[in-house]
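Structure record follows, encoded as structure tokens.
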Amino acid sequence: MSGERRAIGADRRSASDRAQTPIDFAVGAGVFLLTLGFVIAFIPTVFDPFAGAATASPVVSDRIAAGIAGDLLAASPTEPGVLSPACTVAYFDGDEGNATLADAAGCPAGVANDTAAAFGIDDEVLVVVHAMGASDPIGNASTVSIDTRYGTHPVELRRSTRDPVRLDRGGVSVSQRLVSIEGTQYRLTVWVW
């Protein structure tokens, strides 16, 4: 008999006794749609670190500028930014550098190497040391006579992986460091394409 009462009671339920109201459905559908929209909007950003960048990363140019001013051409590890005269001449003496002077002066490995290869990148690199207030650093590379124990060397403080550097190309990343050569301050600027 109790089985009959349940069956009869189930038939007597009214519309207000339902488990889901239209408002519950609307809230649930709204939360679902918001979550779906959030996932669709942010899924592409999950793959961004793996996508090839159209421009050189600022981290790359900053790493090269710090490596040149602080390690490759530094006179001492305790004084980054103070450039060794002999290593500076060896680095900027032509686009290939001066390996003989670099070896004689005891410069770090890589001074006479291609800048891009020395830092393990495939991009084009331009390094210019120029006066502090130069308005066009690419066209105003400083030409200085640097005294070393191996003689006095006139050198243009500009080096690139490919000459002439194409300025009309987009996607450049630029970093700068203040450096000192024989007590005179200059600005070291690195462009990476």
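Bear in mind that the values in this text are calculations on the coordinates, not laboratory data. Note that this is a predicted model, so its numbers are computed, not measured. A quick note on method: Cβ atoms are made from the backbone with ideal geometry, for glycine too, and the neighbour counts reach across all protein chains shown.
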- Between the modelled labels at T152 and D136 (7 Å from Cα along Cα→Cβ) the distance in nm is 3.0 nm
- Task: Name the long-range amide H neighbours of D93: under 5 Å, sequence gap of 5 or more, or other chain; modelled H, no Pro or chain starts.
- Result: N98
- Task: Please give, to one decimal in nm, the separation of the simple spin-label points placed at Q185 and T35, each 7 Å out from Cα toward the Cβ.
- Result: 5.8 nm
- Task: Would you please calculate the Kirkwood hydrodynamic radius of region 79-140 over all C-alpha pairs and express it in Å, rounded to one decimal?
- Result: 12.8 Å
